[in-house]
1. Could you tell me whether any residue of the range 4-16 is under 30 Å from Tyr97 (Cβ atoms) and modelled with pLDDT of 55 or more?
2. What is the number of the single condition among (1) modelled with pLDDT of 95 or more; (2) within 21 Å of the chain's Cα centre (by Cα); (3) basic (Lys, Arg) that Arg169 does not meet?
3. Out of (1) open to solvent by 10 Å² or more (accessible area, probe 1.4 Å); (2) in a loop (DSSP other than H, G, I, E, B), what's the single condition that is false for Arg244?
4. Look at the range 59-108 and say how many of its residues are closer than 22 Å to His241 by Cα and surrounded by 18 or more Cβ atoms within 10 Å (Cβ to Cβ).
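The values are calculated or read from the model by the stated rules, or taken from the named source; none is laboratory data. Computed from a predicted model, the values in this text were never measured in an experiment. Cβ placement follows ideal geometry from the backbone for every residue including glycine, while neighbour counts extend to all protein chains displayed. Surface areas here come from the heavy atoms of the whole protein model, side chains and all, with no ligands, DNA or RNA. Shrake-Rupley method; radii C 1.70, N 1.55, O 1.52, S 1.80 Å.
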Amino acid sequence: MEPEPDITKAAAGNRKHLAMLERLSKRTATSSSESPEASPVAAFLSRFAAAKVVAESALSACRSSPDDAPASLAAASAAVDDLERLVAEASHSLPPYELRSALAAVSDLRAAHKLAASEIRPKKSFSFRNKSKATKNPPQDPPATLQPPPEQPKPTFDAILPGLGFRGRNGATLVKDLRVANEKDGDFTLADLVSCEVYLKGKCRALYIHKLRDCRVFIGPVFGSVLIEDVERCKFVMAAHQIRIHEARATDFYLRVRSRPIIEDCSGVRFAPHALKYVGIEEDLRDSGLEEDTGNWANVDDFKWLRAVQSPNWCLVPEEERLPTVDISEVHQRDDCN
């Protein structure tokens, strides 16, 4: 029959095509191994896409399953935190466009999470104006009816920040030694503090800071990432692998950091070298991989300033104004975490 030669040719062509694809695949693998910059970016994008799907699914579950909304909200918060941590850890190796895109995606998910939290806020319980009519109907939800609306819990970003921490304090001296804490080497949170002094000895995995005013914060080594949001007129002394700062105003940072600090939507922020001491800090720094000062405290990336000239949003603290090394060895624990 006539078609047989065509079939044979097609089969031969397919074999050649498959062989060519195999050669191209090997060539791509070889070129990827020869270009170390492309491989980490591709790996990050793959991991970021998968983590983003997890976060979006958790946010979707907040609305589709009202009964499980609190658990879904907590899962969504953890998923967005994981995304943010992933971006912070890869920030030093990502090209500017990929980094900006990833940060924008995280910001959108964080905003969606806040919206979801506000939507599942406990509703005001229905009540009858005529009390005699109300007694004719059996009470279906007594706790909600008896509780005054102003005292009802309201899910907020502050309440769902992960880990051990200090939250909602005013004018307090807050001290914690993580070397003797139950949650050693875990995450730690500082949220909603006003005019507080915070002393944190020992090392932690990650640090989350949200909404601080007029505070002085002295933190031991962080062997992961530090995420700072909405702080004003504060001083921070800390060492970490990655530090990202969002919406900081008139605040000084005394840092030892492995990668370049990242700021966004900030103004009047200043940077200086690390200036903290306590008994055992050298061991904590060594265990955290922060024993060497890279000098990156002075190499700040402003993601909202893309011009070639110096960003007006940050500068270095003049030497004559810098804090001397602060020794917190004799500062003892005073307040419990919550």
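1. No - not one qualifying residue is present in the range 4-16.
2. Exception for Arg169: condition (2).
3. The failed condition is (2).
4. Looking only at that region, the number is 16.
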